[in-house]
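Undergrad: Input: one structure, supplied below.
The values are calculated or read from the model by the stated rules, or taken from the named source; none is laboratory data. A quick note: this is a predicted structure, and the numbers were derived from the prediction, not measured. No Cβ is skipped: glycine too gets one built from the backbone with ideal geometry, and neighbour counts run over all protein chains shown. Heads up: the accessible areas ignore ligands, DNA and RNA and are worked out on the full protein's heavy atoms, side chains in. Shrake-Rupley method; radii C 1.70, N 1.55, O 1.52, S 1.80 Å.
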Amino acid sequence: MRPSLGAAFAAAGCVLVPAALFMVFVYVPTEASQGIVQRIFYFHVPCAWVAFLGFGLSAVAGAFYLFFAQQVWDDIGYAAAEVGMLFCTLVLITGSLWAKPIWGTWWTWDSRLTTTFILWLLYAGYLLLRAMGEENEQVARLAAVVAIVAVLDIPLIVISVRLWRTIHPAVLVTRSGEHGLEDPRMLQTLAVSMLAISALSAWLFWLRLKTLRAKSRLFELRRMLATAQAIGDGAP
Amino acid sequence: MLTGFCALLHKDLTLERRGGRVVIELCVLSLLVLVVLVVAYGPETGGRPESAAGALWVALILSGLPGASLAVAAEHENDCLTGLRLSPLEPATIYAAKVAAVALSMAVSQAATLLLLVLFFNLQFDLNLLRLIPILLLGTLGLCALSTLLGTITSRLRAGEMLLALLTAPLYVPELIAGVKASAAVLSGASLAAVVLPLKILAACDLLFVVCGYLLFEYLAG
């Protein structure tokens, strides 16, 4: 069988995910002030990174679809938005799990939490549009526009901890501009987790893209068949 | 471009003057939303600027979305949008004219909503209310720019109005937060300084939505 990019992503995920789990639960030292709960940070941050990457890719693919009107860009945008949505949901869940013992509440209307939740709502709307709208070019064009407009929320999320008074920690780059991970093992663990979640998401994206490409091809074949039948019916 | 814009705006306003379909629907919807909110809040809400500001903006969104949808849907009857696209007008000009027409209809209904708000929430009917006008105008422009852009396609779909609300409401949240803050500050008689930042956010969001609509409308209306 010919090796594919998807198989490479799957293999990387199979190696990196157990490695990341080992490093998060065994290798990395427990953070002094927050205790064991802080370890969720090594899943939370990579999930956020992958979600932003997915939504960013969806917007770029949307722009290419509007300009070039090629179905492949629409499929890439859709698949990327789905993967982004999955990991954005995980960001909100892991954030809530961390917030309960640290802040004493599952949720608070903090600026970063609110802007992230708005992003989630925007892409929930995007996916509903895809699910409820008909399979046609107009819906694909509208979805591309929504993806482009929605992605403007991401810079707002990134700078929200510096723009407004917020209780969300700024760990990677603190408000004073330094990086907040004192122990080098913390940085190593975060790097491996980032790679693991990235490989996993790339594999999921690849699988979904293949399904969507097959679906698009099927629609194209059906359309061609209908055209051929119409021509055949019209022939004397 | 300006001639085409004025001609399209004139066409929409003439239709509205003859039928008054959008304005009447918006006014009735605003009235209903305010009544529902007053009943839900209870009688102790009288005179509270925070509740009144919240109610004003809920009425703006809940009446504005179907209003914009209605105005855009009118262009799909007899495929008028295709006719407009075949004219020498730039798609951006068509978009600008539609936004202006919907915004004017909404501004009329907003004036009626403001009067009802004073009545239902037992507010002071004084010159202070005039300070709400720029806030409401900016909020209305943002909502119209966004809902006209997205409504161009959703109005052609099954469950289009629901999809329009699902897509527009999250994008409108920054304007909603700024608008409610600014309106509450004005209604509680706060100084101008308290309104400056929310006004800047409203203006920035408006600019963003209008520019996005102006650039992207041609891909949706095609």
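Undergrad: One residue is enough: does the stretch A:64-80 have a residue meeting the conditions surrounded by fewer than 17 Cβ atoms within 10 Å (Cβ to Cβ) and charged (D, E, K, R)?
TA: no
Undergrad: Going through B:Glu25, B:Glu44 one at a time, which residue ends up being part of a helix (DSSP H, G or I), of a type in the set (Asp, Glu), out of contact with any His (no Cβ under 9 Å at 6 or more places or on another chain) and more than 21 Å from B:Tyr172 (Cβ to Cβ)?
TA: B:Glu44
Undergrad: For the list (1) closer than 24 Å to A:Tyr126 by Cβ; (2) at pLDDT 90 or above; (3) not aromatic (Phe, Trp, Tyr), I need the number of the one condition that B:Pro174 fails.
TA: Status for B:Pro174: all satisfied but (2).
Undergrad: Also: For the stretch B:6-48, which residues satisfy the criterion of being open to solvent by less than 50 Å² (accessible area, probe 1.4 Å), under 26 Å from B:Thr168 (Cα atoms) and more than 18 Å from the chain's Cα centre (by Cα)?
TA: Scanning the stretch B:6-48 gives B:Leu8, B:Leu37, B:Val38.
One line per residue, one yes/no per condition, for (1) over 30 Å from A:Phe219 (Cβ atoms); (2) open to solvent by less than 20 Å² (accessible area, probe 1.4 Å); (3) not small (Gly, Ala, Ser):
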residue	(1), (2), (3)
A:Leu92	yes, no, yes
A:Trp109	yes, no, yes
A:Leu121	no, no, yes
A:Leu127	no, no, yes
A:Gly133	no, yes, no
A:Val139	no, yes, yes
A:Leu142	no, yes, yes
A:Ile148	no, no, yes
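Undergrad: Restricting attention to helices (runs of 4 or more DSSP H) lying wholly within the stretch A:87-173, give those where 3 or more residues are within 9 Å of chain B (Cβ to nearest Cβ).
TA: A:111-132, A:137-150
Undergrad: Do you know which of the residues in the stretch B:148-194 that are among the hydroxyl-bearing types (Ser, Thr, Tyr) and in contact (Cβ under 8 Å) with a residue 60 or more places away in the chain is farthest from A:Val146 (Cα to Cα)?
TA: Once the filter is applied, the top-ranked residue is B:Ser188.
Undergrad: Among the residues of the stretch B:103-118, is any in contact (Cβ under 8 Å) with a residue 60 or more places away in the chain, assigned to a helix (DSSP H, G or I) and within 17 Å of B:Phe5 (Cα to Cα)?
TA: Taking every residue of the stretch B:103-118 in turn, at least one turns out to be in contact (Cβ under 8 Å) with a residue 60 or more places away in the chain, assigned to a helix (DSSP H, G or I) and within 17 Å of B:Phe5 (Cα to Cα).
Undergrad: I'm trying to understand the selection: among the residues of the stretch B:119-148, which are surrounded by fewer than 16 Cβ atoms within 10 Å (Cβ to Cβ) and under 20 Å from B:Ala185 (Cβ atoms)?
TA: Within the stretch B:119-148, B:Asn122, B:Gln124, B:Phe125, B:Asp126, B:Leu127, B:Asn128, B:Leu130, B:Ile133, B:Pro134 meet the criteria.
Undergrad: Could I ask something else about it? Which of the numbered conditions does B:Ala169 fail, given that it passes all the others? Conditions: (1) touching a Gly at 6+ places or on another chain (Cβ under 9 Å); (2) closer than 12 Å to B:Ala107 by Cα; (3) surrounded by fewer than 24 Cβ atoms within 10 Å (Cβ to Cβ).
TA: With (1) touching a Gly at 6+ places or on another chain (Cβ under 9 Å); (2) closer than 12 Å to B:Ala107 by Cα; (3) surrounded by fewer than 24 Cβ atoms within 10 Å (Cβ to Cβ) applied to B:Ala169, the lone miss is (2).
Undergrad: Here's a follow-up. Listed residues A:Val60, A:Val72; which is without any contact (Cβ under 8 Å) to a residue 40 or more places away in the chain and more than 21 Å from A:Leu90 (Cβ to Cβ)?
TA: Only one candidate qualifies: A:Val60.
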